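Before any comments, here is the structure.
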Amino acid sequence: MGAQLRVYKRRIKSVTATKKITKAMEMIAASRIIKAQRQVAASTPYATELTRAVSAVAQGSDSKHALTTEADHPTRAAVLLITSDRGLAGGYSSNAIKAAEQLTRRLEGEGKEVDTYVVGRKGVSYYGFRKRAVAGSWTGFSDSPTYAHAKMAAEPLIEAITAEQGTSGSVDELHIVYTEFVSMMTQTPVDRRMLPLTLDGAGESGAGAESVSVSKGDAAQGDEPKPAAKGGKILPLYDFEPSSEDVLDALLPRYVESRIYNALLQAAASEHAARRRAMKSATDNAEELIKSLTRLANAARQADITQEISEIVGGASALADASAGSDR
């Protein structure tokens, strides 16, 4: 067996082993996507209804609150970036990081300082390699987040938004950057402003701001509840005890936690889908490479066989010529 043929066989063996790994990772990711999709579907209605409830309460309150009050001169914003803990997911993390960088540049262009919070080892490594400070980071749960993880990430953000403006660590806006799960083939990096909420009539501030339509006087304490409609749908009515301000204080952490939890679930589903697609592409490429190497190995083996036959025929001819010469 020629040296070239041995090289081809070693490469085929190596690529075959790699193909088994990528195929297994593809199947694992495919099985996890279903669970992640169910979790997203289960959490979205709660987050949506909580946002509507918070907006209805905010419209019924005349006092300033961190949930809905725009700062007169916002100078600082917090950005929560959600990436993955592991690689082999194509451009999943890099696309989210790129979206966060674009958001950061936009906020800095508006004259705001940006505090960055990061979920996932890929994001932490990105900022660490560039020696850029992060206000907080969490790792180890990007592919299977729980509500406890969302609560852990929300705690410093809530403290920052509720701190008195101008004090150390206080921020005027909360933004979140994550990858939205659209379908098995499409996952889109998005940025959303979580706080303050922008209510219709107050004007939208910045791309991706949360905006909810609720009519004034929906449910102020002591007022007669009045229905409000949006798109032909009657919005819910609320009575507040002890007051709308106390309700807002109680809802603030729940609202932030629910939005972060939904974003973590969306990101997890997107990560699994991106990894499945990347691993399927790697498996297909490995199959093509194995076919190509097999053809080259067959050609090399055929060349070796042809050379051996030629040597045998040449040797037999030489012996025959030598015998014929001796007979003379």
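Checking 157, 195, 174 one by one, the residue that is in a helix (DSSP H, G or I) and either crowded, with 21+ Cβ neighbours inside 10 Å or hydroxyl-bearing (Ser, Thr, Tyr) (or both) is 157 and no other. If the condition is being closer than 22 Å to residue 7 by Cβ and of a type in the set (A, V, I, L, M), then the range 300-319 contributes 300, 303, 305. Among all positions in the range 289-304, there is at least one residue which is of a type in the set (Ser, Thr, Tyr), under 36 Å from the mean Cα position of the chain (by Cα) and either more than 30 Å from residue 27 (Cβ to Cβ) or surrounded by 10 or more Cβ atoms within 10 Å (Cβ to Cβ) (or both).
Note on the range 100-156: residues that are among the hydroxyl-bearing types (Ser, Thr, Tyr), in contact with a Gly (Cβ under 6 Å, 6 or more places away or on another chain) and under 20 Å from residue 76 (Cα atoms) total 1. Would you call residue 71 touching a residue at least 24 places away in the same chain (Cβ under 8 Å), touching a His at 6+ places or on another chain (Cβ under 7 Å) and in the same structural domain as residue 155 (by TED's automatic domain parsing)? It is false that residue 71 is touching a residue at least 24 places away in the same chain (Cβ under 8 Å), touching a His at 6+ places or on another chain (Cβ under 7 Å) and in the same structural domain as residue 155 (by TED's automatic domain parsing). The residue of the range 262-306 that is farthest from residue 86 (Cα to Cα), among those that are among the basic types (Lys, Arg) and free of Cβ contacts under 8 Å to residues at least 24 places away in the same chain, is 295.
The values are calculated or read from the model by the stated rules, or taken from the named source; none is laboratory data. Just so you know, these numbers come straight off a predicted model, no measurement behind them. Counting neighbours? That spans all protein chains shown, and the Cβs are built from the backbone with ideal geometry, glycine included.
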